[in-house]
Amino acid sequence: MATHLDLEEQEQLDQLKHFWNTYGTLITWVVLLAAGAFVAWNGWQYFQRTKAVQASALYDEVERSAQAGDTARIERALADMKDKFAGTAYAQQAGLLAAKTLYEKGNTDGSRAALTWVAEHAVDPGYQAVARLRLAAELLEAKSYDEALKQLAADVPKEFEALVADRKGDIYLAQGKRDEAKAEYQKAWAAFEPRTDYRRLVEIKLNAVGVDPKSLAAAGAASPAKTKP
């Protein structure tokens, strides 16, 4: 005859069977998905580490080619970098380094192509801004003023706004648009920290377009007083 304990154990077993029949499939899938996610995460981490090592090695090739001044090797290595590791920081750095070397070697088309790629595909907004500034400078030198201004029309991180305004001022001045140049130089002057060397360079440019930076400083100091009742 079954004891009270036997009956209680049977009831618990029946409850467990009912629970498993109801939720067993769901629990199994949850466990499998969790295990799969863990394996996938580890695999992704391994892949990313491997990819970073490979991208680093290819960046070294770009760097060696730049030091040797071998423009053909630079372009081949950069093409491989863009094809295989476009989303890495190494690709962005390689693009800027390649552009600099190609420009110094007189390959302006190659330099602009590299800068354009970084400006359009870099994942870091800072690298994008640097590429746009350098590309605008090359286009300014080539007297492609409208194209240069287009490069500076995109949004940039706040720390680059002063540099963009200064570069715009240079372009407008080259076009003979003194008023527009003056306005951009004033923006740049106001945005730069007071003791930076670049601000002193902008002061020279302001003097060249007939603006005394001291008057801007005086106006800035007086502006809070205008808000008083």
- prompt: Hey, which aspartates and glutamates would be in cross-link range of Lys177, C-alpha to C-alpha under 17 Å, not counting anything within fewer than 8 residues on its own chain?
  reply: Glu141, Asp146, Glu147, Asp166
query: Could you give the semi-axes, largest first, of the ellipsoid that matches region 146-211, computed as the square roots of 5 times the alpha carbon gyration tensor eigenvalues and rounded to whole Å?
result: 18, 16, 7
- line: In this structure, among Lys84/Lys150; Lys158/Lys182; Lys105/Lys168; Lys105/Lys150; Lys182/Lys214, pairs with alpha-carbon gaps over 19 Å are Lys84/Lys150; Lys158/Lys182; Lys105/Lys168; Lys105/Lys150
Region 86-229 - percent relative contact order, Cα under 8 Å, separation 6 or more: 13 percent
task: Please give, to one decimal in nm, the separation of the simple spin-label points placed at Gln15 and His121, each 7 Å out from Cα toward the Cβ.
output: 6.2 nm
- prompt: Given labels modelled 7 Å from the Cα in the Cβ direction, how far is it in nm from Thr196 to Lys143?
  reply: 3.2 nm
- prompt: For region 43-123, with equal point scatterers placed on the C-alpha atoms only and solvent neglected, what are the log10 I(q)/I(0) values from the Debye formula at q = 0.11, 0.13, 0.24 1/Å, to two decimals?
  reply: -0.26, -0.35, -1.05
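Ranking Ile171, Ile204 by Cβ neighbours within 10 Å, fewest first, what do you get?
Values: Ile171 24, Ile204 10.
Sorted ascending by nearby Cβ count, the order is Ile204, Ile171.
Only the coordinates and a few stated rules stand behind these numbers; no lab work does. Owing to the predicted nature of the structure, the values given are computational and were not obtained by experimental measurement. Reconstructed Cβ throughout: ideal geometry from the backbone, glycine too, with neighbour counts over all protein chains shown.
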